[in-house]
1. Return the sequence-ordered ³J(HN,Hα) values of segment A:639-647 in whole Hz as given by the Karplus equation 6.51 cos²θ - 1.76 cosθ + 1.60 applied to θ = phi - 60°, using x for Gly and Pro.
2. Provide a whole-number value for the mean count of partner chain Cβ atoms within 10 Å of the Cβ atoms in peptide A:804-814.
3. What average number of partner chain Cβ atoms lie no more than 10 Å from the Cβ of the residues making up A:257-264?
4. Across segment A:445-453, in residue order, what do the Karplus-derived ³J(HN,Hα) couplings come to in whole Hz, using 6.51 cos²θ - 1.76 cosθ + 1.60 with θ = phi - 60° and x for Gly and Pro?
5. Calculate, in nm to one decimal, what A:GLN783 and A:ALA47 gain on full extension: separation in residues at 0.36 nm each, minus their alpha carbon distance.
6. For B:ARG102 and B:GLN74 in one chain, what is 0.36 nm times their gap in residues minus the Cα-Cα distance, to one decimal in nm?
7. Using a simple spin-label model with points 7 Å from Cα along the Cα→Cβ vector, what separation in nm is obtained for A:ASP403 and A:VAL436?
8. Shape verdict for segment A:368-589, please, from the Cα gyration tensor: rounded (a/c under 1.5), prolate (a/b greater than b/c) or oblate.
Amino acid sequence: MQRNKNVQYDADDLYDSADEEEYGGEVPEYTTEDKDNFATLTPVVRAELEETGLSASQTEIEEALWHYYWDVGKSVSYLKNSRTPRPQQQPSEGGGKKGQAKAKSKFDQAAEKSAEKAGPTPMPPTSAADWFRDIPWSNLSPEIQGHLVPTVPPRPYPKLLGGSSKLAKLAEERRRKAAAAASSNEAPSPDSNGSFNSLDRLNKPKDATKENDTPASQPEPKRYPIRKKREPTPPPREPTPPPPEPEEETPDIRASPTGFGRTLSTGPPHAALASSMTLQDMLGGAEEAVDAFTGPSPDDIVAKAQAHSKGEITAAPFSSKPKQNASSDAQLAKKTEQLQVAESTAPKVKSKGLDVPKLWAEGQADRKAQAAFVVIGHVDHGKSTLMGRLLLDTGGVSQRDIDRYQKQASELGKSSFALAWVMDTGSEERERGVTVDIAQHHFSTASTDFTILDAPGHRDFVPNMIAGASMADLALLVVDANQLASGLKGQTREHVLLAKAVGITRIVVAVNKLDLSAPEPWSQSVFADVQIQIKSFLSEAGFSEPNMAIIPCSGLNGTNVANSPPSSSPTSWIQPPIHLTLLQALEAFTPPPPALQTLTQPLRLQISDVFRGTLTAPLSISGRLRSGSCQIGDTLLLLPSNTQATIRAIEVAAEPREYAVAGQIAVLHLAVHGDLEAEGLRAGDVAVLAGSSLPSSASPSSVDDGASAPPTVVKSATARVKAVQALLPMGVEVFLGRWMVAGEITGLKCTLQQQQAGDVEETGELEARQVVVKKKKPRVIRQGEMALVELGLAEAGVVTKGDRVVLRNGGATVAVGFVEAVRA
Amino acid sequence: MQADRRRLNPPAGGTAAPIFATPPTNTSKDKGQTTKLTRPTRTRNPDEHRKLFLRTGVVPSASGSAYYEIPPQQEQQDGSLVPARSSLKITCTVHGPRPLPRNAQFSPNLLLSTHVKYAPFATRNRRGYVRDSSERDIGVHLETALRGVIIGERWPKSGVEVVITVLEGEDDAWWGNTERQEAGWGMMGVLAGCITVASAALVDAGIDCVDLVTGGVAAVVDHPSGGGKNDSAAARGRRLVLDPCPAEHDEISAACVVGYLQGRDELTECWVKGDGGMQVEQLIDEAVKASSLSRTVLVEAIKESVEVKTGAEVEAPNGEPKGGKGKKRDVEMTG
């Protein structure tokens, strides 16, 4: 039923009691209001219908108006539709029945209509064109083509004058008349003469929009309050031709494009219409692309190459030469086998069984002398700088490196330290400007290979200095010509004493910084003063006159370091016959090559450094061979960890060698048997040749040559020391070369006295002196006295008779001496 | 403004662009060979629009695109290679309607965003790669103009982007006039062009609009010399011109841009700049006239593109706004 439908449509609205009643009434009974409406609207509808050449009875019109709620447009279209396209429907039938019948028939008819349009059941298509018939991209028959028709704006057009019914009606009439007039008369209205003033525009009727306006402001029956809420959907627009726009002779302002615009817009505007140009068309070579898939694909080629490298035999589908493949595979297999063999032997380094002492003796003639010297001196007296200069002038370091250091140092504000940075490689060393650890560098002159051991001058790092000095053949003492006094009080003194204590007998003194000497640069008198003081001091320390050389020089400028200064300058007094250059002095003091006897002694090497980690050399040690020799393939016994290792490679002065002999500072790359714990090997450990049994008792070799005594792992020893400070039984730090261990003086055995009378210090070696017991069991050993003391060590280590020992306490050296006897 | 970090920026010190020696404006007669620079004058009538060129579908990858151009109207008079007037060239691409990103808020309407960018070489003073305030200003005005025509509620949860690149902009004043550089008159003409070209691109993209919006610009120009053919005494001082070319006028006192829907006789955008005095209403009228003139070109261009698209002759009436939608046909819906 029509009412029902509308109520559902506005389901959220209130039901009125009047509505409820309405459901019952089959035949609508019109109120006076309704009748009034009929009276006004029926002529209008009739007029509209007549326009299209149709006629309808009064009841039909009334019925239609009633059902469309006084909507003239809808009623007209309904009537029109009901007349024209299909068999006549009787609109004058009973309301409810008619509604039902209509609702049903409409759907049915729509279905029928579409079925008609679709035609008979489609047969299976015979061709592709048939198959795609009626698909939007093929030719559509125009009757099934859908067209989007713009709908009117859904929002109601705002009306200024509320819902005054009479005014609205009048307006409606007027509009209709105007529309009728316009449709009948195509000629432009006289007022639209192309002028564009505001008034005209305001007056211009808005036909397009008002056409669709419903008489919303019509008086509506009070019985249907729901209707006020929403307007019924507008009917389809009438096919009245739209009123013509106000004609205006618009000038043609269309221009032809510029060249630029033409390039933008030439050709079909849509790429879909153009035959697309591919990269291939541009680059050509279409014929190559044809046979792109005849050969093996790139992936196959790669896979094949990989298979080749692995030595796999693959059944390559595109392989053109399978025979060659097979043969190369066989070759590869052979090679692989060889490789495996080599790998399996790798851990076992075969000793060549060289007769090292003999080789050494044979090569003696064409070999340079070699010397390792430790650089000692007070802090800031220019040790590292002097060594940097020495390296630079002898070609041990390139000028480019020096320039780089110069730049970096000046960035840190320490441009004068640039040379020192050759030796001081640690960042902390560079920042603080002091050497901390021993730096090792090599350089060669025409006659000698030198190894520099740059010892730290600062008192906090004396242990490192002892380690360095224990590896050196001679010492280079650097003193500041202008600050000799401070040096002699400080580390100069201590260093000299320690150098002497660790067994260095030869010393070269470089009087540095003479370019800054006080009254004038390069003052000869200043040098003479220093010379006298140094000589007396060194004599006190136990160095003999022929074993010392005093050289004036300047490390920063390089004057008299490697080259003699020019004769026409303030430095003209420094000339070779009297004053050698530093380098000449060092060469002159080079020790003789080790005696063949030393080489035949068993190997003894104290490890000064342990390197770990590189893949090729998982474990390396460096240190000075005190005696004996070693070659690649030798098996070493490392003490006290008591592990064995094979020498894989040897480096001396950063060059690979077959063997190393006593006196050389060598780096040994080891292959450890078994597993050596991370802490198993430390600096200070001793390496000996495995197989040479560890005799528990001292060997019968001479006392002088400590190295000949076999190493023993002990925790206590007896040492003959010379007291630098007064000694009591007390805790000390014991330095045995590189090895530093906490210990204590457990007992004072006796003080000793020189057998010969005379100057004690001048008579050379401590060990060589014949002594007699002066006093047994002293309670204290005074400064300068010699004594035998018992040493107890916190950890077991290798102590050999004759080892140099330094005892320190609280950052100061208390005693120096050597091991007299060891006890297991 | 923060530095543009997405592109390779020019050197910090700037580059030295070639500087062409400007010949003196008033040369003596005996030096005939030096080119004489004279300010171009408006030769067309005050209510005459410059000729336009408009074409849609220039960017195949975009949903819709259009190219708008005001080519040079007459040949270069003096021997100079530098054109006396600018010729407007604008491209517009429309991307969309496309779904909003997942994280965007629900929007019942089509979200419109407009970007207007001058190419760096578009004007005599080089533009930066980042949009400056005037470009954003034009963008906002353009958005206002387009928002009124697009039927946004048909695309909920979607957005459309209108991207405009001004390849050649309108001068703000005659370039030979070195002492006075008032900014802003050129952008009025550019905005009018932007509105028209964006409208064409929207139609090309198939976005439903209530009507075709076109831009028009008019200006109040001062003529101290009283030149021109207009002999009315009232217009001697201040004159209303339609589609002003800023290079041709010594002094522009006001300008107006409108976005006009001729089919509905509505304005979606109206921007008056400067001191229009008593003539503001006439100024707007003139701008509306200008926009309805440019509409003729727009309609033709759209018709052409539709013809190309459908491959069939479409007989849409001249003023028909929905010319792009194929043949009009009422489908009678029963019931």
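1. Here the 3J(HN,Hα) series is 10, x, 6, 6, 10, 10, 8, 9, 7 Hz.
2. Numbers: counts 0, 0, 0, 0, 0, 0, 0, 0, 0, 0, 0.
The shielding value for this peptide is 0.
3. Numbers: counts 8, 8, 1, 7, 12, 3, 0, 10.
For this peptide, the per-residue mean of nearby foreign Cβ atoms is 6.
4. Each residue of segment A:445-453 in turn: 10, 4, 10, 9, 9, 9, 10, 8, 10 Hz.
5. Gain in length upon complete extension: 250.4 nm.
6. Values: separation 28, 0.36 × 28 = 10.08 nm, distance 5.23 nm.
Contour length minus Cα-Cα distance gives 4.8 nm.
7. Inter-label distance under the simple model: 3.0 nm.
8. Details: a/c = 1.26, a/b = 1.07, b/c = 1.17.
Since a/c stays below 1.5, the shape of segment A:368-589 is classed as rounded.
Rule-based calculations on the coordinates, nothing more; no lab input. None of the values given here were measured: they were computed from a predicted structure. Note that we place each Cβ from the backbone using ideal geometry, even for glycine, and neighbour counts take in every protein chain shown.
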